[in-house]
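Everything on this sheet refers to the single structure shown next.
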Amino acid sequence: MGLTYVRYEADGWGIGELVLDGDRVLHSELPRPRAGRAEGEHPLVERLQRYFAGERVDFADVEVELGDETAFSRRLAAAMRAIPYGEVVSYGELAALSGHPNAQRAAGSVCANNRFPLVVPCHRVVAANGIGRYGASGVGYKRRLLELEGVTL
């Protein structure tokens, strides 16, 4: 199957992007204000739009391409995917959940390089003393996602 590029609009958030191989997500970008318009179709788009509209949506069944990741990164991704909607864990707790209790800094690095936000919900991982960082999207975006899920830090 060939690659599919999809741009979708989430009201109040902007345009997001997906790169898919069939139903497997190869890369995703969160919606943000940007030039252009929605293009392409995929069933995942409707679920993403529902999430950004405030509906509790589960992405546990969405397949992501982790083949080029290390075994450590795959374990962290699995642990992140197990964090329920509306809950958070610290980077240290995430490291322990993945079987590496002293690897909180490495867990933070994996979160910072996550290509599957929402599907691998790194926004649910916070610093022990506050919200923590959120890559290029910034702390404000992370806070907005957590507030959407009913979490206030």
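The values are calculated or read from the model by the stated rules, or taken from the named source; none is laboratory data. Small disclaimer: the values here were computed from a predicted structure and weren't measured. Cβ: placed from backbone, ideal geometry, glycine included. Neighbour counts: every protein chain shown.
Just so you know, in segment 91-149 the residues that are among the aliphatic types (A, V, I, L, M) and assigned to a loop (DSSP other than H, G, I, E, B) include one that is farthest from E55 (Cα to Cα), and it is A103.
Can you find a residue in segment 75-83 that is outside any loop (DSSP other than H, G, I, E, B), under 27 Å from W13 (Cα atoms) and in contact with a strand residue (DSSP E or B) (Cβ under 6 Å, 6 or more places away or on another chain)? No, there is no match, as no residue in segment 75-83 is outside any loop (DSSP other than H, G, I, E, B), under 27 Å from W13 (Cα atoms) and in contact with a strand residue (DSSP E or B) (Cβ under 6 Å, 6 or more places away or on another chain). Applying the condition of being aliphatic (A, V, I, L, M) and in contact (Cβ under 8 Å) with a residue 24 or more places away in the chain to segment 28-56 and asking which residue is farthest from H123 (Cα to Cα) yields A38. Taken over segment 99-145, the residue count meeting the criterion of being in contact with a His (Cβ under 6 Å, 6 or more places away or on another chain), modelled with pLDDT of 95 or more and surrounded by fewer than 20 Cβ atoms within 10 Å (Cβ to Cβ) is 0.
Only one of the numbered conditions (1) without any contact (Cβ under 8 Å) to a residue 40 or more places away in the chain; (2) within 30 Å of E46 (Cβ to Cβ); (3) surrounded by fewer than 22 Cβ atoms within 10 Å (Cβ to Cβ) is violated by V151, and that is (1). The residues listed here are A112, A96, A107; of these, the one that is touching a helix residue (DSSP H, G or I) at 6+ places or on another chain (Cβ under 6 Å), more than 25 Å from A10 (Cα to Cα) and not assigned by TED's automatic domain parsing to the domain that holds L18 is A107. When A71, A53, A77, A60 are checked against the criterion of being over 19 Å from S28 (Cβ atoms) and hydrophobic (A, V, I, L, M, F, W, C), A71 stands alone in meeting it. When each of R74, R81 is tested for being among the charged types (D, E, K, R) and closer than 19 Å to L145 by Cβ, the lone residue that passes is R81.
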